[in-house]
Amino acid sequence: MSLPAGTEAPVTSAGGRGLFTAVQRHASLLVAEELRRLDRRTDLTSMERAEVAAALRRLASRLVLTPLAAWDGDPRVAAELLGLPAPRLIEGA
């Protein structure tokens with residue numbers, strides 16, 4: 001899962017990029033979990049499943065990753081909101 005073209009991961013503080021990576025990983029795990037759930041409940045062809053998987057990845061990116069990349073706030077706040085470990089901040093970085 002990656003950001004749309006022209007969007008960069010946040011680097012406003014030492015913890016920013018680490019948080020972005022953690023959120024990206026979390027979003028990927030959620031998408032995989034939903035795909036497994038879908039596999040148990042439907043009989044999609046491989047082409048249909050691939051299209052649904054791509055749609056879920058785009059949705060996760062647009063709803064979470066793109067706004068996070070554009071956000072210029074304290075990465076600890078985003079971590080707390082998303083239930084992720086808070087990144088360490090290095091003063092002066």
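The values are calculated or read from the model by the stated rules, or taken from the named source; none is laboratory data. These numbers come from a predicted model, not from an experiment. No Cβ is skipped: glycine too gets one built from the backbone with ideal geometry, and neighbour counts run over all protein chains shown. These accessible areas exclude ligands, DNA and RNA; they are computed on the full protein's heavy atoms, side chains included. Shrake-Rupley method; radii C 1.70, N 1.55, O 1.52, S 1.80 Å.
Of the residues in the stretch 5-31, how many are modelled with pLDDT of 85 or more and more than 12 Å from the chain's Cα centre (by Cα)?
0
Which of the residues that make up the stretch 35-66 are without any contact (Cβ under 8 Å) to a residue 24 or more places away in the chain and in contact with a Leu (Cβ under 6 Å, 6 or more places away or on another chain)? Give the steps one after another, and end with the answer.
Going through the stretch 35-66, the residues without any contact (Cβ under 8 Å) to a residue 24 or more places away in the chain turn out to be 35-55, 58-59, 63.
Within the stretch 35-66, ALA53 is the sole residue that qualifies.
Quick check on my filter: what residues within the stretch 45-77 are touching a helix residue (DSSP H, G or I) at 6+ places or on another chain (Cβ under 8 Å), open to solvent by 70 Å² or more (accessible area, probe 1.4 Å) and over 23 Å from THR21 (Cβ atoms)?
Scanning the stretch 45-77 gives a single hit, ARG49.
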